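Visitor: Shown below is the structure under consideration.
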């Protein structure tokens, strides 16, 4: 049972005006989480029964149950049938108490190309246009996007703003959009953001390039996931930064080497919510270990939260940035996956000391973001349309993922082993038949399919041959057509082998 001071802390969270935008269960969950992180609630400590805590706080039992459920999903508490709820054991790998730690501030091959130019083109293009082929990964469904609503909001913006919408905008981004983003990530991702810490960019790729260029000098090292997103590695290579690959398992980035040799690098880049390409989620212990490492080392965590809106098993885990009291985490978000690729709006949530330098550097790249799309997106978010669209797409994508799994198990049995992700827009499949990955990719392309090979996403670890199957952008009939074509490609390849 809570002591009086702990109960009062939870009540204060419920009543504080800064938390008014959060639902009740979110305020209760955040308050208890902070008590655990601060050491006020230690491992093994029993929590009040949901009925008793609900009565003490004057809320419904369902509200407390929802808060406990999220704490359990994030690994902060354990729930035992018949025994109640208890604070989970959370490893603290640092030699000093968490609260006593001081805040540390940051001190190709074309003719005529320089070394940086050669590095930029060596890995090839990232993304790109062209026809959309079945299974292309990373694409959201755009045919269900509410275009008429978007058009109506755009007309409102132009009518109210007039010619003011046509001139130069704030290089940091339009204030209404920055506020809408801060409100959203605080509510949905558990972040600690204010509008003045948001920087609007055109893409997550630009965010990674900008971060590498400002935080690291050529020749410095950066910890990266292995396997991991090739676009991040290319952004770092273009900045002259040397990646130090760290392996990935079912709990996300394996932090052992980073903790054993913190001198190797002072920056780590990762995708903790849905690791790309495996789909694993970084465990709470490892999140806290990274935060401790960054605070002690004076390092930085680059958190790419590229598709966290689409989580299909329980509620999404809170972002690392929201758990980091030392403000050593740089958070990257994008609307390319959540809305549509043509929008070209992404953002950084920065520690206060980095906002001005990043904004200045951003002006040297492309001046300022486009004003009209920002203002339309701000209205789309403020009117509740963004949340509604996300909920609709989350349900749609979950159905498509389950359908794809059934199709793969039916038509590709013995040929591939699917890895069911907890979220995201694509599913990894490992080849279990005796066919070279590159041949499968080429044959699938000739059959009108767009497979992303897994081997090229590994830097050091022994690659597991296979491919990614994007499912979010494709209808059930398209998915079935694609799987049948892929089955024919694999079986034909085995016959010819």
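Visitor: So what's the back-of-envelope 222 nm ellipticity for the chain, counting only DSSP H runs of four-plus at -39500 (n - 2.57) apiece and dividing by all residues, rounded to 500? Write down the numbers at each step before the final one.
Guide: Values: 17 runs with 213 residues, N = 497.
For the chain, the value works out to -13500 deg cm²/dmol.
Visitor: In whole Å, what is the distance between the alpha-carbon centres of the stretch 201-278 and the stretch 455-472?
Guide: The distance from the Cα centre of the stretch 201-278 to that of the stretch 455-472 comes to 17 Å.
Visitor: Let me ask something additional. Please figure out what share of the DSSP beta bridges in the chain is antiparallel and state it in percent, rounded to the nearest 5.
Guide: Details: 27 of 43 bridges.
Roughly 65 percent of the DSSP beta bridges within the chain come out antiparallel.
Visitor: Report the antiparallel proportion of the DSSP beta bridges in the stretch 145-387 as a percent, rounded to a multiple of 5.
Guide: Details: 10 of 25 bridges.
Roughly 40 percent of the DSSP beta bridges within the stretch 145-387 come out antiparallel.
Visitor: Can I get the semi-axes of the chain's equivalent ellipsoid? Compute them from the C-alpha gyration tensor as square roots of 5 times the eigenvalues, in angstrom, largest first.
Guide: Numbers: eigenvalues 253, 160, 137 Å².
Computed over the chain, the values are 36, 28, 26 Å.
Visitor: Just order 227-238, 144-155 by mean Cβ neighbour count inside 10 Å, highest at the front, would you? Before the final figure, lay out the partial values.
Guide: On the way: 227-238: 22.7, 144-155: 13.7.
In descending order of packing, they fall as 227-238, 144-155.
Visitor: Using Stokes-Einstein with the Kirkwood hydrodynamic radius over Cα pairs, what translational diffusion coefficient do you get for the stretch 256-339 at 37 °C and a viscosity of 0.692 mPa s, in µm²/s rounded to a whole number? Can you show the working numbers first?
Guide: Details: Rh = 13.4 Å.
Result for D is 246 µm²/s.
Visitor: If you don't mind, another one. Residue 16 to residue 496: FRET efficiency via 1/(1 + (r/R0)^6), r the Cβ-Cβ distance, R0 51 Å, to the nearest 0.05?
Guide: On the way: r = 68 Å, r/R0 = 1.32.
Once the sixth-power term is evaluated, E becomes 0.15.
Visitor: Starting from 0 in steps of 10 Å, tell me what percent of the Cα-Cα pairs of the stretch 1-56 lands in each bin.
Guide: Reading upward from the zero bin: 23, 58, 19, 0.
Visitor: Students often check this: by mean Cβ neighbours within 10 Å, which of 177-185, 215-223 ranks highest, and how do the rest follow? Intermediate results must be reported in sequence, preceding the final value.
Guide: On the way: 177-185: 21.9, 215-223: 17.1.
Ranking the peptides 177-185, 215-223 by packing returns 177-185, 215-223.
Visitor: Have a look at the stretch 145-387 and give its Rg and Dmax from the Cα atoms, expressed in angstrom.
Guide: Rg then Dmax for the stretch 145-387, in Å: 17.9, 59.
Visitor: Between residue 249 and residue 113, what is 0.36 nm times their sequence separation minus the Cα-Cα distance? Round to one decimal in nm. Can you show the working numbers first?
Guide: Values: separation 136, 0.36 × 136 = 48.96 nm, distance 3.85 nm.
Residue separation times 0.36 nm, minus the Cα-Cα distance, leaves 45.1 nm.
Visitor: Using the basic label-point model (7 angstrom from Cα toward the beta carbon), what is the residue 365 to residue 148 distance in nanometres?
Guide: With each label placed 7 Å out from Cα toward Cβ, I get 3.8 nm.
Visitor: Once each part is reduced to its C-alpha centroid, what is the distance from the stretch 12-66 to the stretch 299-342 in angstrom?
Guide: 24 Å
All of the numbers you see were taken from the coordinates with simple rules; none came from a lab. Predicted model only: the values in this text are computed from it and were never measured. Virtual Cβ from ideal backbone geometry, glycine too; neighbours counted across all protein chains shown.
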